[in-house]
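Visitor: Please see the structure below; I have some questions.
The values are calculated or read from the model by the stated rules, or taken from the named source; none is laboratory data. Just so it is clear, the structure is predicted and the values come from calculations on it, not from any experiment. Ideal geometry is used to build each Cβ from the backbone, glycine not excepted, and the neighbour counts take in all protein chains shown. Keep in mind that these areas ignore ligands, DNA and RNA; they rest on the heavy atoms of the full protein, side chains included. Shrake-Rupley method; radii C 1.70, N 1.55, O 1.52, S 1.80 Å.
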Amino acid sequence: LKRKLWLRGAPLLPATLRARGSSLLLAGPAMMRLWRAPVPPSSPTAGASMIAMADSLADPPQHQQKWHARAGRAAAKVVVACLCAAAVVLVPGVLPALKGQRAVDGHSEEDGAGGGGVRQLQEATAEESCSENGRWQGLPWVYLTYAERNAWGELGWSEQWWDIAWDANSGAVRTATGRCFGGTYVIGESGMDSCLVGEIVQTYDECMNASARYQEAYPGDLFPLNSPVDDLQGTPACHIQDRVGWQFNLAQITGRNQGYSPVCKFNATEIGGCPATTTTTGAPLPNGLNFADTIPEPVITCYGDLTRDQQDSVHLLGYSIEAWHACMDPAWNPPACPWPDSVPTTDAPCLERLDYLEGKYNLTEPWNELTFRAKEALVDLGWDPDGAMWSIIDIPETYAKPFEGQPPPTGLSKNEREAAEFLGYTVDTWHGCEAESECIDRLARFERKLAPYSWDAMPEGIRSRLETLGWTAEFWFEGELPALYRTEWDDLKFPERVSATLLGYTKDTWEGCVMSACLVRYNYVLNKYSGKTWGDMKLAQQNAWTQLEHSEVLWNSGGMMRTRMFSMRWAELTPAQQRQAIFLGFNEASWQGCNLEWGTGSNETEAPSDFGGAYRTVRVKMIIESPFSEISGNIYGQKVSTMPTSFIEVFERSIARALFCGNPDYKNYTAGAVDENGDPLCKLPDQFEKQRRRVRVVSVLEGSIIVDFIIVTNQTAHEHTAVELFEALLAQLESFASPICQDVEFGKFARLAKIEEMPLSKLDPEERVRAMAFEAMRGQYTDLNACELLTDARGGKVNCPTAAGIRGQVPGVALALAAAASAIGFAQQR
């Protein structure tokens, strides 16, 4: 700790603190004795604070804060306070010596200057006077951190003018250069590793003697010499750390002399006494310049008039816009600075601030046009340094992490959060203003951002994220939502949720803003379709309006408000029509003009049903106006050229696909509804497999083609009732662009079909018992044991063959059950 933290330039600590610490503490074993010093009675917690601070700073590189040049100042202040408390106890005479003298980074209490001893971390606000400048008072340029020097250099400061300007306010002595003492020693030029007069003191013993002579001449001015060090930082041999203390460096080759002054020994007899010295007070301004002349132009330039690089420097140094303006000393003759026109105020709406950030770091602009510091921050957030990801808008997954509340890697790391803050993000803007703005506004904003893109011309990064959510070129062209959009946010897989977040979705926009107020949603739909022609809309939108009995002719004559179905209440729409209305942006309330009381008067009557309650099993008769000969060879599963599988199997799975697969409610396919593999289209295969057995054929009769089947009632509240499914099937048969009429297996029959509900009560008791017995029997058999139903007139019951013997045979459960179904059907006709 004593080596790595105090001597090796740990980035957490300012140079002045490292310097003061090395002179005060680095005395071998004496350091730990001082660090663990007994607690003075007047400061019962000082020793504990020192120990705690030592533990917290044990690994400084992990705590480096890159995006605030003031990093570590607060911790440094605590450490300095602890060190001073310990020094008062253990080093006699230190306290009197410190009185009236400048502290490490600023002023001691007796200096009377604002800002305190260590640079402060607080932000100035418009309502407060400037507290930022106190951090720089009396602080030599060489003691600025590397980042601070670069930032201030961008704003026009140089070492010469900085030291003049900031020392001029206090008249402080910057170095001890030129001080002659002991009759034979002089402090050399700061920043030099050799002497202009005499020779540098080369031995530790001689350096100890010089230190003692200096204390006699200037009591309490500098800390006396302690144990020697061996470090690459600092002047070799005997030297002082400017305004801090004495030190002897065993290293003969070092990498830095700034902030260090050599101790030189001269021959007083030869030169006749002390050499001529440079002044030890602030240097007079040359050529008659006054104090205001030392201030660079950018430092008294309004924030909005600075270059983007200079604005980055302002933020890096910890100034807000208000603080930058407030901290222009009237003695500098600054202008009156208004708030920048292009920058939203800190209390502006969240979406306005987010739009500003997205404009400032516009992903469509070249990477090379960003400022250097902005690119550094973006790299810390996951962008590659060459800008390849930027060029294709491949947003790093870092942007999908929570800003706070979660440790890395789930949440942002400390460095990532500081980079985001440097770029201007806050908690609310980082999360897309989800908690601070209306969901519908964010949804409309999101749709406007993606609307201009065509699939082929879309940036690769955006297209890749959309593909993760199920989008294809066909879906994008037609505007049809992928099946994944029916999944709730919390049920999305991790890569899906990340892609949705990076595209701009939040949980509420993904789920359709279900909590938004009715009038807000109604205005959203009006604005969305206002001014659009029929041809401006995607095919899926045109199909949705067609399902609601709209047309191009009606649209061109009156737009959205000519929709015929607007005269009907939400409850009077079919399930398919409700789905299409939701797809267009409506919900029940907005469909009814935000009047949920519409049509609920006491004069309403509801026709009683002859078929049972709303949650009944529905028995249906379908009449297909087609010759029975088209299926007569296939009812029992025999292979023929036109129908390779049994009609009953085709019927059941086709009706189930139309009801449970979530295929488009209105879409014409040139070759039938098939997927990329040529199989019948099913957008929700898992739902299809769970629900398909709710469609069961009872019988297939001749007289055209008459199919008697049932739709079994729902088992959970989340499933559609059998009545709703019957109504959906009824509506599908009225449109050739419906899922059932576009089905590749059953479409040609569906276009010729009609259905009607048949109450189960029309069966006599004997027929109902027979039907129930059939259902019970059918449930016992599968393709593996259906052969047990086969009998032979000569040999009786046929035993099931072994696995080896059944290869190439086609009899199955469909054959047996079809026979049983036919038997029941014929019995009903008697």
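Visitor: Pulled fully out, how much extra length does the chain show between Thr203 and Ser158, if you take 0.36 nm times their separation in residues and subtract their Cα-Cα distance? The partial results should precede the final answer.
Guide: On the way: separation 45, 0.36 × 45 = 16.20 nm, distance 3.58 nm.
Between Thr203 and Ser158, full extension yields an extra 12.6 nm.
Visitor: If each residue of separation counts as 0.36 nm, what is the full-extension length gain between Arg256 and Trp489 once their alpha-carbon separation is subtracted?
Guide: Values: separation 233, 0.36 × 233 = 83.88 nm, distance 5.70 nm.
Residue separation times 0.36 nm, minus the Cα-Cα distance, leaves 78.2 nm.
Visitor: Which pairs break 24 Å Cα to Cα here: Lys493/Lys532; Lys538/Lys683; Lys507/Lys667; Lys401/Lys690; Lys449/Lys667?
Guide: On the way: Lys493/Lys532 36 Å; Lys538/Lys683 20 Å; Lys507/Lys667 29 Å; Lys401/Lys690 35 Å; Lys449/Lys667 27 Å.
Violating the 24 Å Cα-Cα cut-off are Lys493/Lys532; Lys507/Lys667; Lys401/Lys690; Lys449/Lys667.
Visitor: Starting with the highest mean, order 649-662, 567-580 by the number of other Cβ atoms within 10 Å, averaged over the residues of each peptide. Could you put the intermediate results ahead of the total?
Guide: Details: 649-662: 22.1, 567-580: 16.9.
For the peptides 649-662, 567-580, the packing ranking is 649-662, 567-580.
Visitor: Okay, next question. At a Förster distance of 41 Å, what's the computed FRET efficiency of Thr346 paired with Ile392, Cβ-Cβ distance as r, to 0.05? It would help to have the intermediate numbers written out before the result.
Guide: On the way: r = 33 Å, r/R0 = 0.81.
After rounding to 0.05, the efficiency reads 0.80.
Visitor: Using Cα centres only, tell me the gap between the stretch 683-699 and the stretch 430-467 in whole Å.
Guide: 36
Visitor: Here's something else I'd like to know. Carbon and sulfur: what percent of the stretch 396-513's accessible surface (1.4 Å probe)?
Guide: Working: 2910 of 5700 Å².
So the carbon and sulfur contribution to the accessible surface is 51 percent.
Visitor: Testing the spin-label approximation: label points 7 Å from Cα along Cα→Cβ at Ala614 and Glu511. State their distance in nm.
Guide: For the pair Ala614/Glu511, the computed spacing is 2.3 nm.
Visitor: What percent does the relative contact order of the stretch 431-506 come to when contacts are Cα pairs within less than 8 Å and at least six residues apart? Don't skip to the answer; put the middle values down first.
Guide: Working: 39 pairs, mean separation 28.8, N = 76.
Relative CO of the stretch 431-506 lands at 38 percent.
Visitor: Applying the Karplus parametrisation 6.51 cos²θ - 1.76 cosθ + 1.60 with θ = phi - 60° to the phi angles of the stretch 257-266, what ³J(HN,Hα) value in whole Hz is obtained for each residue in order, glycine and proline being reported as x?
Guide: Here the 3J(HN,Hα) series is 10, 4, x, 10, 10, x, 9, 10, 10, 10 Hz.
Visitor: Hey, for a label at Phe477 modelled as a point 7 Å past Cα toward Cβ, could you say which residues of the stretch 504-541 have their backbone N under 15 Å away?
Guide: 538-540
Visitor: Also: Roughly how many Å² is the accessible area per residue of the stretch 304-360, as a whole number, for a 1.4 Å probe?
Guide: On the way: 2650 Å² over 57 residues.
With the other protein chains kept in place, the stretch 304-360 gives 46 Å² per residue.
Visitor: Modelled label-to-label distance, Arg564 and Val712, 7 Å Cα→beta-carbon offset: nm?
Guide: Going by the 7 Å Cα→Cβ label model, 3.8 nm.
Visitor: Using amide H atoms built 1.01 Å from N in the peptide plane, name the residues 5+ places from Trp157, or on other chains, whose amide H lies under 5 Å from its own.
Guide: none
Visitor: Under a point spin-label approximation (7 Å from Cα along Cα-to-Cβ), what is the Thr670-Lys754 distance to one decimal in nm?
Guide: 3.5
Visitor: Under 12 Å from a label point 7 Å along Cα→Cβ of Trp332: give me every residue in the stretch 139-153 with its amide N that close.
Guide: Under 12 Å, as judged by backbone N against the label point of Trp332, lie 152 of the stretch 139-153.
Visitor: Further question on the same structure: Subtract the Cα-Cα distance of Val553 and Asn527 from 0.36 nm times their separation in residues, and report this length gain in nm to one decimal. Could the numbers behind the result be given before it?
Guide: Values: separation 26, 0.36 × 26 = 9.36 nm, distance 2.07 nm.
Result for the pair: 7.3 nm of gain on full extension.
Visitor: Using θ = phi - 60° and the Karplus form 6.51 cos²θ - 1.76 cosθ + 1.60, what ³J(HN,Hα) does each residue of the stretch 215-226 get, whole Hz, x for Gly and Pro?
Guide: 5, 5, 7, 10, x, x, 6, 10, 5, x, 5, 10
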